[in-house]
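Novice: Attaching a single structure in C-alpha cells format; questions to follow.
Since every read-out is calculated from the coordinates, none of them should be taken as a lab result. Nothing here was measured: the structure is a model prediction, and the numbers come from that model. No Cβ is skipped: glycine too gets one built from the backbone with ideal geometry, and neighbour counts run over all protein chains shown.
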Amino acid sequence: MHIFAGWDTPLRQLQAEIRQREYEGCSVPPELKSRAKELPDTPEAFDDEKIQSLYAELEKLDAAPDFPYVQPNDLPDIAGQRPPGPRRLPLNLTPEELLDRLHGAWTGRACGCALGKPVEIMSMAGHGGLNGRQAIRSYLQNRGDWPLDNYFSGRPADDGIRLPFKKSWRENIAYMEPDDDIHYSLIGLKVLEDKGPAFQWHDVARTWNARLPYYAICTAETQAIMNFNLRTPRMASQTMFPAPAFTRRHNNPYREWIGAQIRADTWAYACAGRPELAAEFAWRDAQWTHTANGIYGEMFMAAMIASAFVESDPRRLVEIGLSEIPRNSRLAEAIGLALTWTNECADFEAFMDRLETRYGDLAPAHTVNNALIVIMALFYGEMDPDRSMCLAVMAGLDTDCNGATVGSITGAARGRRNFGGRLAEALNDTIKPAVIGFQTVTMKELAERTLTVHLNVRAFLDQPQG
C-alpha cells in the first residue's frame, strides 16, 4: 500500500502532488488530472491501486526543456550554483555580548511566534470572502487595534470571530505556548548538544522520534518522518537509514513548503558570523524533508540569521542570504523581485499587493511567498523587533512562522538588552513547549546553552584538520 501521513486525504495529497509537479516544470497531461478528479475522496473508499498508478505516472514526468531554473538538492551542486558571498564575517563580540544577542534571538523567535499564532488559521483560509491579510485587518479594526502593536486581543466584537489559542491572547499571555516554530528550534539545540557540529540528517530524524509527539509535526515533516520510520529498522537504527531522496519525496507534495524554513534558527545561532556554515547545517536538516526551494528557504534564513549577529542592514542581510542559494532558483528570483519592490513600494501594503498578484497561486504555507514577507517586514520595520514582527503578522499567510523568523533576525541584531517594545515582557522569559526534556525553559537558559554550543562549534573548527 501507499503510506500516507494522514495530513490530508490520499486524494487531496495526490492533487497537491499534481500541483507540485507543475511547479517543478512538468506538463501534467489533462487526462491524468481528470482521472485523479474521478477518484473517491473518503478514507474508507479511496482506491489505493489507482492512486499508486497515478503517482508513478507523475514521478516519470520530466521538466520541460525550457524550464528556466537550475535547482539541485545536493550541497556540492548547490554550492556550485550560488553567487559569490562573504561566507564568514568578523564576529567581534565578547561572550557576554554574544549571550545577550542569543537571548534576544530566542526572545524574538518566541515573541513573533506567539504574536502570529492566534490568527494563523484565519490568515491561511481567509474569512468572510476576505483573504488572510484582509481578514486580519478587519479583525483588528473591529477592535480598534489597527495597526497591530501588541498581541491579539480575544475580546468579542460584532464580527463574531473568536480566535483559537487563548493562551496567546493579549488578555492571557504569560509564556510561549507549544508550537512547531519553537519545537524545531529546541530540537536543533538538542541535536547540537548531543552530536556536535558533525551531526547528520538522521540524527535530526531520530531526535524527532525521541522528543516530538507525532501530532506536533505538520505537512512535509509529517510525511518525511513517516517515510523515515517506514524504512528504518529499529534493531539496526544506529547504522541503517533510508536515502534522503526517499524520505523527502515519497508521497510528499509539501516538499517546497515552509516547514524547513522555520527550522533554521538554532543552526544559525551556533554558527553566528558564519553564514556559509549556517547554510550547510541548515542543508543537513532540510535535505531529508524538502527539495529545491524548500531546502533553499532554510539555507537562506540560516545565513541571514547567522549574519544578523554582525550585520543589521536588511539589504546586506538579504544579499548574504542570497549568496548561499542557487542564483537561478525560483526563490532567488522572487527575492530579487522583493528587493526591487522595497525600493518602489511606499508601504508594506503596497508591497503585499504586488506579492499577492505575483504569487497568489502558491499555497499559503509555501516557502517562497512567506520568505518575501520576512524580507518585507525587515525593511519596512527598519529592523525594530516589535514593529517588524507586527508587520510580518499583519501581512498574513503563515503568520506565526514569519513572525518568529523576523523576531529571531531582529533579536539577534538587537540583543535582549536593546530589544525594546512591549512584546517581550509579556512572555516572562518563559517557553512551555511540547518537546520532551523542555517542558518549561527560560529563554535565558536557552541562550546560555546555545552559547556553549556555539563555542563548541568554534573550537571544533579551530582544530587542526587532517
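Novice: Going toward the positive end of the dipole of segment 29-83, with +1 on Lys and Arg Cβ and -1 on Asp and Glu Cβ, which of Ala63, Ser53, Ala36 do you reach last?
Specialist: Checked the options; the winner is Ala63.
Novice: Further question: Taking the Cα centre of the chain as origin, work out the dipole magnitude from +1 charges on Lys and Arg Cβ and -1 charges on Asp and Glu Cβ, in debye rounded to 20.
Specialist: 740 debye
Novice: Please list 3J(HN,Hα) in residue order for segment 189-195, calculated via the Karplus relation 6.51 cos²θ - 1.76 cosθ + 1.60 where θ = phi - 60°; whole Hz, with x for glycine and proline.
Specialist: 4, 5, 4, 5, 5, 7, 10
Novice: Using 0.36 nm per residue, how much length does the chain from Gln52 to Arg316 gain when fully extended, once their Cα-Cα distance is taken away?
Specialist: Computed gain between Gln52 and Arg316 is 90.4 nm.
Novice: Whose amide H sits under 5 Å from the amide H of Trp257, counting only residues 5 or more places off or on another chain, with H placed in the peptide plane?
Specialist: Placed amide hydrogens put Thr367 under 5 Å from Trp257.
Novice: Quote the relative contact order of segment 340-393 in percent (integer), defining contacts as alpha-carbon pairs under 8 Å separated by 6+ residues.
Specialist: Relative contact order of segment 340-393: 29 percent.
Novice: Another question about this same structure. Restricting to DSSP H runs of at least four residues, report the calculated mean residue ellipticity at 222 nm for the chain, -39500 (n - 2.57) per run over all residues, nearest 500 deg cm²/dmol.
Specialist: Here the helix-only value at 222 nm equals -17000 deg cm²/dmol.
Novice: Per-residue HN-Hα couplings for segment 164-170, Karplus 6.51 cos²θ - 1.76 cosθ + 1.60 at θ = phi - 60°, whole Hz, x for Gly and Pro?
Specialist: x, 6, 4, 5, 9, 6, 3
Novice: Let me ask something else about it. Label points 7 Å out from Cα along the Cβ direction at Glu445 and Leu230: separation in nm?
Specialist: Result for the modelled spin labels: 3.8 nm.
Novice: Now for a different question. Enumerate the amide H contacts of Thr430 below 5 Å, restricted to partners 5 or more residues apart or on another chain; note that Pro and chain-start residues carry no placed amide H.
Specialist: The list, which skips near neighbours in sequence, is Met176, Met443.
Novice: Shifting gears a bit: Per residue of segment 403-415, in order, report the coupling 6.51 cos²θ - 1.76 cosθ + 1.60 (Karplus, θ = phi - 60°) as ³J(HN,Hα) in whole Hz, putting x for Gly and Pro.
Specialist: Those phi angles translate into x, 5, 5, 4, x, 5, 5, 5, x, 5, 6, 8, x Hz.
Novice: With unit charges on the beta carbon (Lys/Arg positive, Asp/Glu negative), name the residue among Thr357, Asn418, Ala404 whose Cα is farthest towards the positive pole of the charge dipole of segment 318-466.
Specialist: The Cα lying farthest towards the positive end belongs to Asn418.
Novice: So, one more: Taking 8 Å as the Cα distance limit and 6 or more residues as the minimum spacing, I'd like the relative contact order of the chain as a percentage.
Specialist: That works out to 25 percent.
Novice: Taking amide H atoms as placed 1.01 Å from N in the peptide plane, list the residues 5 or more away in sequence, or in a different chain, whose amide H sits under 5 Å from that of Gly126.
Specialist: Gly132
Novice: When a/c is below 1.5 the answer is rounded, else prolate if a/b is larger than b/c, else oblate, so apply that to segment 296-362 with a ≥ b ≥ c taken from the square roots of the Cα gyration tensor eigenvalues.
Specialist: oblate
Novice: Taking the Cα centre of segment 79-209 as origin, work out the dipole magnitude from +1 charges on Lys and Arg Cβ and -1 charges on Asp and Glu Cβ, in debye rounded to 20.
Specialist: My answer is approximately 300 debye.
Novice: Compute the length gained on full extension between Arg19 and Asp74: take 0.36 nm times their separation in residues and subtract their Cα-Cα distance, giving the result in nm to one decimal.
Specialist: The Arg19-Asp74 span can extend by a further 17.5 nm.
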